[in-house]
Amino acid sequence: MNATQKWNDLSKPQKTRIIVLSAVQVALQSAALKDLVNRPAHLVRGPKTAWVAATFVNFAGPIAYFLVGRRPA
């Protein structure tokens with residue numbers, strides 16, 4: 001897909017891939033943000049605000065939070 005390609009120009013598999021990956025991204029980010037809101041600050045490595053910002057980095061941010069940002073309860 002190039003930058004000028006329109007949604008209607010995409011094939012059905014391309015559209016499906018975009019929708020599925022978008023849903024996964026939203027689910028990961030939602031789960032990370034929910035966990036950040038509910039987790040006490042002493043159980044988060046680093047400032048919570050930095051992790052909130054990191055969740056907006058597609059896939060990498062939420063995954064990094066779950067792998068590195070959380071301290072064991």
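The values are calculated or read from the model by the stated rules, or taken from the named source; none is laboratory data. These numbers come from a predicted model, not from an experiment. Cβ atoms come from the backbone with ideal geometry, glycine included; neighbour counts cover every protein chain shown. To get the accessible areas, we keep the full protein, side chains included, count just its heavy atoms, and leave off ligands, DNA and RNA. Shrake-Rupley method; radii C 1.70, N 1.55, O 1.52, S 1.80 Å.
Computed over the chain, relative contact order equals 28 percent, with contacts defined as Cα pairs under 8 Å that lie 6+ residues apart. Net charge dipole, the chain: roughly 120 debye, given to the nearest 20, about the Cα centre with Cβ charges of +1 for Lys and Arg and -1 for Asp and Glu. Amide H contacts for V44 (H built 1.01 Å from N in the peptide plane; partners 5 or more residues away or on another chain; cut-off under 5 Å): R71.
How many percent of the accessible area of the chain is carbon or sulfur, using a 1.4 Å probe? With neighbouring chains kept in place, the figure for the chain is 66 percent. The angle between the Cα long axis of helix 12-38 and the longest principal axis of the Cα atoms of the chain comes to about 10 degrees, rounded to the nearest 10. For the chain, the solvent-accessible area works out to 70 Å² per residue, with a probe of 1.4 Å and every protein chain left in place.
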